[in-house]
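Undergrad: Before anything else, here's the structure in question.
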Number of protein chains: 2
Amino acid sequence: MHTDRRTLLQAAAALPLATVGANAAFAQTPTTTPVAAPPKEVTRALAHYLVTASYDDLPANVRKEGVRTLLNWVGVAIGGSHHETVDIAVSALGPFSGPQQASLFGRRERFDIMNAAFINGVSSHIFDYDDTHLKTIIHPAGPVASAILALSEMQPVSGKDFLNALVLGVETECRIGNSVYPNHYDVGWHITGTAGVFGSAAAVGKLLKLNEQQMTWALGLAASQPVGLRESFGSMNKSFNPGRAASSGIFAAILASKNFTSSDAMIEAKRGWANTISTKQDYNEILGDLGKRYEAALNTYKPFACGIVMHPAIDAAIQLRNEGKVTADQIERVDLKVHPLVLELTGKKTPKAGLEGKFSIYHAVAVAIVEGAGGEKQFSDRAVTDPTIVALRSKVNPVVTPGIKPEQVDLTIVLKDGRKLNRYIEHAIGSVEVPMTDKQLEAKFSDLAEGIIPAATIRRVMDACWNVENLPSAAEIARMSVAS
Amino acid sequence: MHTDRRTLLQAAAALPLATVGANAAFAQTPTTTPVAAPPKEVTRALAHYLVTASYDDLPANVRKEGVRTLLNWVGVAIGGSHHETVDIAVSALGPFSGPQQASLFGRRERFDIMNAAFINGVSSHIFDYDDTHLKTIIHPAGPVASAILALSEMQPVSGKDFLNALVLGVETECRIGNSVYPNHYDVGWHITGTAGVFGSAAAVGKLLKLNEQQMTWALGLAASQPVGLRESFGSMNKSFNPGRAASSGIFAAILASKNFTSSDAMIEAKRGWANTISTKQDYNEILGDLGKRYEAALNTYKPFACGIVMHPAIDAAIQLRNEGKVTADQIERVDLKVHPLVLELTGKKTPKAGLEGKFSIYHAVAVAIVEGAGGEKQFSDRAVTDPTIVALRSKVNPVVTPGIKPEQVDLTIVLKDGRKLNRYIEHAIGSVEVPMTDKQLEAKFSDLAEGIIPAATIRRVMDACWNVENLPSAAEIARMSVAS
């Protein structure tokens, strides 16, 4: 490669000539002047880390969180797999898919790895119930797990290599996300898609055993394909974003593996990714303490299938219900001290459809007390029209209270016999401070997978996830996770 | 669709809770507040135009320029088809391609339409010799023609419908490009890829007969996939960008055709495309005089396979050579009055490889006088080492002269017998003011396609392009343009 000469060529070629005057032509000249040196060789240094980092380098807590990330992702991917959005994607893309290389989680079709990764990425995000890196609001597994599970079905990938690639992919997207957050997100980018494509490319590139130069190019081709704008929230396009990040990351890594070139400095160059896509660039977030500080260890999982603002109240309601063996007919009323956002976002008093239930603190608390859960089933049309739940929700009384933070709630169940059951939540279950237990992750998984894959298989898939580091082939997980 | 409710859901789901404090949580609240009304319903109005505009609406000059755009694109796509970049892409993507739906121009392989569009888009840009919308430096045909020629092989598309879709696609990308240019380009986006994906989605969506809602969503899914950063210039990644714009635009339109939803306002919303990706948004450039003002009529074609800054000198040299029947051995010296950019960008005195010749005004003028052309062959290793050309280039004497604009040159050939042949160029051939003639486009096409497809076929393909409006099936053009 003669990059300097090529750059000059392209710069010259780009110069407008005829319809623009001299001034406009000069406006283009910065392209041809030497670009100020970037703070570091960010892209190349990241690539160096990615190609050298090995499974044995991973601390135990990082491995453990990687396994939990995997299990949670498989559950939500299976759970979402028959949503209308996924049916549409499968039907639309079927005629264009390549060889049947990879499974669609929770379904029977098989697609080429790029289309499979796209569809699985869509499935896993459709309930907005997947994992969250709270510092950036990135949903890390969607772009990464979708991509490398598909790849694992095409070439042999040991469980250890798989887990290492998963962690490195998550690390890559979250670190790159940190480097531009919050400015990049605030302006309108859906950071799960824009950072996610790097995560997919890095993880797939790792499993393809790219060398440092190829990995640098893979990151460059990933930088060329940011996915997703926040305006899409509320439409199928939101789930499109992690799916497309997964497939575009594979596309980047596959091309780089054959020496399709890019710039060596696509992340940090003057007209590279970070400067073009964000007003903030903190490269230390990308390169600082690589192999020591792990963003992948900070992943969290939603216990409830609704907006996170209702999670403290649902958590408190379930705790009291389970401890006090309370039943709906014993309850006089339920008092909640809440942050203003709770009523602002979820103040719907009489939801008529399951989706509306996700915006009703009244329904959420009532169903949590009656059913002891807050999964997709608790936000179904069935649940919001259940007479017991409907009766109870009218007794739920949220009051905006100064001093209560968004992550807090103070909930009191007043019983007809005069007793009061109170619970104050400082951090809800599912936060970094109070992570979901393995058992709770299993319950969430089972709830999502039930009725989609056979009950016995649910147990086997979860066991395979917990045991991924010892699997001779990570593909087992994908192959088991399909509809019978 | 219940967009308002879904939006609320997603906004609530996105709210960070545990690891960030109340202030950070409040920093997210703008998501949940009503967004200021956009100036117009830009995306929907554009979609309305696209689904209603018909071939019969196109003025004759627009149809004519569309045909020229097609012919030029087919030539450069065939010409670039055996470049190393294309070989790599074909080899990398082959294992993942779907059914053999579409031709690769200049080659024998057949790929699914998305992968074929990608590869043909790469081929057509690799020499940087394709068409240019000079107001935005968009190369319009790459993303659009690549996409709809591939689609035409999969479903019946009449020549008239094809030309209409081509014009509408070019119109879409150039108008959207205008709306954010130059800020969007200046900051670092490769506008051919970022705007191009809209062009592809619009043109493919037109041929798929999307209704207005579906077209709106196709534009939204296109907005979610901007491609390309200027830092990639000088690497294969530059050609990747129009190719990926083509395939991602197809991806968007295909999904929308099955009612995969997006926002209805992805271009103009507060956190939509234009506000997120540019500091300038001029929606009148998108919607103003739709169906009256045609950006597609402003397309231009490069006569010479090098940076546009040398085009005036090459043009002058060829004119004098042809008129004066000058041969190299008669020449004492060649004096050029040039703009400073000429020496800044193309001041290489002794190029040793063909690529270096593209940065040598000395070589460019010499080879133009000796061979009467400035095509890819004139910038080959053979040409820059040809003794006659090497001898003549040492007699080329460019002088930076005040008052000469970048699009101008004043060139004088001083003969050994004392005669002087002078030519002043105000606008070089290939500009909007002095467009390439149909005959010149044919010569460029033949020069590019020679040795790749059979000579008799070259004539047939050119005739099919000129005659596209009368073809029962546009697919003929693609099917003829392959290697034998």
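Undergrad: Using the Karplus equation 6.51 cos²θ - 1.76 cosθ + 1.60 (θ = phi - 60°), what ³J(HN,Hα) coupling, rounded to whole Hz, does each residue of segment A:456-465 give in order, writing x for Gly and Pro?
TA: 5, 5, 3, 4, 5, 5, 4, 4, 5, 5
Undergrad: A further question on this structure: May I ask you to list the lysines whose Cα is less than 24 Å away from that of B:Lys160, ignoring any residue fewer than eight positions away on the same chain?
TA: Counting by Cα, and skipping residues close in sequence, B:Lys160 has these lysines nearby: B:Lys64, B:Lys206, B:Lys209, B:Lys292, B:Lys439.
Undergrad: Explain nothing, just compute: Karplus ³J(HN,Hα) = 6.51 cos²θ - 1.76 cosθ + 1.60, θ = phi - 60°, for every residue of segment A:127-143 in order, whole Hz, x for Gly and Pro.
TA: For segment A:127-143, the Karplus curve yields 8, 6, 10, 8, 6, 9, 8, 5, 5, 10, 6, 6, 9, x, 6, x, x Hz.
Undergrad: A further question on this structure: Would you jot down the residues in segment A:228-245 that end up with at least 20 Å² less accessible area in the complete protein assembly than in the chain alone, with a 1.4 Å probe?
TA: A:Leu229, A:Arg230, A:Glu231, A:Phe233, A:Gly234, A:Ser235, A:Met236, A:Asn237, A:Lys238, A:Phe240, A:Arg244
Undergrad: State the answer as a single residue: which of A:Val334, A:Ile458, A:Leu134 lies farthest towards the positive end of the charge dipole of chain A, with beta carbon charges of +1 for Lys and Arg and -1 for Asp and Glu, about the Cα centre.
TA: It is A:Val334.
Undergrad: Quick check: net charge around B:Gly106, other residues with Cβ under 12 Å of its Cβ, Lys/Arg +1 and Asp/Glu -1?
TA: -1
Undergrad: Let me check I've understood the local charge: for B:Thr412, count other residues with C-beta under 15 angstrom from its C-beta, Lys and Arg +1, Asp and Glu -1. What total comes out?
TA: Its environment carries a net charge of +2.
Undergrad: Estimate the FRET efficiency between B:Gln155 and A:Thr385 by the formula 1/(1 + (r/R0)^6), using the beta-carbon distance for r and 56 Å for R0, to the nearest 0.05.
TA: 0.80
Undergrad: Now for a different question. Compute the relative contact order of segment A:308-425 as a whole-number percentage, counting only Cα pairs closer than 8 Å that sit 6 or more residues apart in sequence.
TA: With pairs under 8 Å counted, the relative contact order is 39 percent.
Undergrad: What do you get for the angle between helix B:159-180 and the principal long axis of chain B? Use alpha-carbon atoms, 0 to 90 degrees, nearest ten.
TA: Roughly 80 degrees, rounded to the nearest 10.
Undergrad: Under 5 Å between amide hydrogens, which residues at least 5 positions from A:Cys306 or on another chain qualify, with H placed 1.01 Å from N in the peptide plane?
TA: none
Undergrad: Using the Karplus curve 6.51 cos²θ - 1.76 cosθ + 1.60 with θ = phi - 60°, what ³J(HN,Hα) values do you get for each residue of segment A:413-421, in whole Hz, with x for Gly and Pro?
TA: 9, 9, 8, 4, 7, x, 5, 10, 10
Undergrad: Right, here's the next one. At what distance in nm do the modelled label points of A:Asp289 and A:Ala353 sit from each other, each positioned 7 Å from its Cα along Cα→Cβ?
TA: Between A:Asp289 and A:Ala353, the simple spin-label model gives 4.6 nm.
Undergrad: Lys and Arg at +1, Asp and Glu at -1: add these up for the other residues within a Cβ distance under 13 Å of A:Leu343 and post the number.
TA: +2
Undergrad: Another question, then. Return the residues of segment A:63-110 for which accessible area with all protein chains present is lower than in the chain on its own by 40 Å² or more; set the probe to 1.4 Å and exclude ligands, DNA and RNA.
TA: A:Ile88, A:Ala92, A:Leu93, A:Phe96
Undergrad: Here's a follow-up. According to the square roots a ≥ b ≥ c of the eigenvalues of the Cα gyration tensor, what is the shape class of segment A:45-140, taking rounded for a/c under 1.5, prolate for a/b larger than b/c otherwise, and oblate for the remainder?
TA: The shape class here is prolate.
Undergrad: Given a Förster distance of 60 Å, report the FRET efficiency between B:Lys377 and A:Asn183 from their Cβ-Cβ distance, rounded to the nearest 0.05.
TA: 0.75
Undergrad: B:Val409's amide H: which non-local residues (gap 5+, or another chain) put their own amide H closer than 5 Å, with H modeled 1.01 Å from N in plane and none for Pro or chain starts?
TA: HN-HN under 5 Å from B:Val409: B:Ile425.
Undergrad: Provide the gained length on full extension for the span B:Ser54 to B:Thr401, in nm with one decimal, where the gain is 0.36 nm per separating residue minus the Cα-Cα distance.
TA: That pair, B:Ser54 and B:Thr401, stretches by 119.9 nm at full extension.
Undergrad: Something else now. Counting just the Cα atoms, what span does chain A cover along each of its three principal axes? Round to the nearest Å and put the largest first.
TA: Reported extents, whole Å, longest axis first: 85, 53, 44.
Undergrad: How much area per residue is accessible in the protein assembly as shown when the probe is 1.4 Å and only protein heavy atoms are counted (Å²)?
TA: The answer is 31 Å² per residue.
Undergrad: Hey, another quick one. For B:Lys302, B:Lys280, give the ranking by accessible area with the largest first, probe 1.4 Å.
TA: B:Lys280, B:Lys302
Undergrad: Assume the label is 7 Å from Cα along Cα to beta carbon: what separations in nm does B:Leu415 have to the matching positions in the other copies?
TA: Distances to the matching label points in the other copies: 11.5 nm.
Undergrad: Give me the lysines in straight-line cross-link reach of A:Lys377: C-alpha distance below 17 Å, same-chain residues under 8 apart excluded.
TA: A:Lys302, A:Lys352, A:Lys358, A:Lys444
Undergrad: While we're here: How high is the relative contact order of chain A, in percent, counting Cα pairs under 8 Å that sit 6 or more residues apart?
TA: Computed value for chain A: 19 percent relative contact order.
Undergrad: For a quick check of understanding: with a 1.4 angstrom probe and all protein chains in place, what accessible area in square angstrom does B:Arg244 have, to the nearest ten?
TA: Looks like 20 Å² after rounding.
Undergrad: Ignoring ligands, DNA and RNA, please state the percent of accessible area on the protein assembly as shown from carbon and sulfur, probe 1.4 Å.
TA: About 53 percent, which is the carbon plus sulfur part of the accessible surface.
Undergrad: Here is a further query. Under a Cβ-only charge scheme (Lys and Arg +1, Asp and Glu -1), can you give me the dipole magnitude of the protein assembly as shown about the Cα centre, in debye to the nearest 20?
TA: It works out to roughly 180 debye.
Undergrad: Given axes a ≥ b ≥ c from the Cα gyration tensor, I'd like to know whether segment B:352-399 is rounded (a/c under 1.5), prolate (a/b larger than b/c) or oblate.
TA: Rounded shape, in that the Cα axes give a/c under 1.5.
Undergrad: Helix B:236-257 against the longest principal axis of chain B: what's the angle in degrees, Cα atoms only, rounded to the nearest 10?
TA: 40
Undergrad: Near A:Lys416, which aspartates and glutamates are there with a Cα under 13 Å away, not counting those fewer than 8 places off in the same chain?
TA: A:Asp329, A:Glu332
Undergrad: A further question on this structure: Report which residues of segment A:392-441 become buried by 30 Å² or more of accessible surface when going from the isolated chain to the complete set of protein chains (1.4 Å probe; DNA, RNA and ligands ignored).
TA: In segment A:392-441, residues shielded by partner chains: A:Pro406, A:Glu407.
Undergrad: When a/c reaches 1.5 or more, the comparison of a/b and b/c decides; with that in mind, is segment A:308-425 rounded, prolate or oblate per its Cα gyration tensor?
TA: Because a/c hits 1.5 or more and a/b fails to exceed b/c, segment A:308-425 counts as oblate.
Undergrad: Let me ask something else. What average number of partner chain Cβ atoms lie no more than 10 Å from the Cβ of the residues making up B:218-225?
TA: Neighbouring Cβ atoms belonging to other protein chains average 5 per residue here.
Undergrad: Got the A:His48 label distances to the other copies yet, label 7 Å along Cα→Cβ, in nm, shortest first?
TA: Reported distances to equivalent positions: 5.7 nm.
Undergrad: Treat each spin label as a single point 7 Å out from the Cα along the C-beta direction, and report the A:Asp87 to B:Ala456 distance in nm.
TA: Taking the two extended label points, one gets 5.4 nm.
Undergrad: Probe radius 1.4 Å, ligands and nucleic acids left out: which of A:Thr388, B:Thr132 has the largest accessible area, and how do the rest follow?
TA: If we order A:Thr388, B:Thr132 from most to least accessible, we get A:Thr388, B:Thr132.
Undergrad: Another question, then. For A:Glu171, A:Glu426, A:Glu442, give me the order by solvent-accessible area with a 1.4 Å probe, most accessible first, ignoring ligands, DNA and RNA.
TA: A:Glu426, A:Glu442, A:Glu171
Undergrad: With each run of n ≥ 4 DSSP H residues scored as -39500 (n - 2.57), what mean residue ellipticity at 222 nm is computed for the protein assembly as shown after dividing by its residue count and rounding to the nearest 500 deg cm²/dmol?
TA: Mean residue ellipticity at 222 nm (helix-derived): -15500 deg cm²/dmol.
Undergrad: Still on this structure: Return one number: the angle in degrees, 0 to 90 and rounded to the nearest 10, between the long axis of the Cα atoms of helix B:113-125 and the longest principal axis of the Cα atoms of chain B.
TA: Between helix and principal axis, roughly 30 degrees.
Undergrad: In addition: Put the label 7 Å from Cα along Cα→Cβ for A:Asp329; what are its distances to the other copies, in nanometres, shortest first?
TA: Values, ascending and in nm: 11.6.
Undergrad: While we're looking at this one, here's another question. For a quick check of understanding: with a 1.4 angstrom probe and all protein chains in place, what accessible area in square angstrom does B:Met480 have, to the nearest ten?
TA: Number for this one is 30 Å².
Undergrad: Sticking with this structure for a sec: Tell me the total accessible area that A and B bury against each other, 1.4 angstrom probe, in square angstrom rounded to 100.
TA: Summed over both sides, the interface buries about 10300 Å².
Undergrad: What is the residue of chain B with the smallest Cβ distance to the axis taking B onto A, and what is that distance in whole Å?
TA: B:Gly98, 2
The values are calculated or read from the model by the stated rules, or taken from the named source; none is laboratory data. Here the structure is a predicted model, which is why all the values come from computation and not from measurement. Cβ coordinates were reconstructed from backbone atoms using ideal geometry, including for glycine residues, and neighbour counts include every protein chain displayed. Quick note on the areas: whole protein, heavy atoms, side chains included, nothing else; ligands and nucleic acids left out. Shrake-Rupley method; radii C 1.70, N 1.55, O 1.52, S 1.80 Å.
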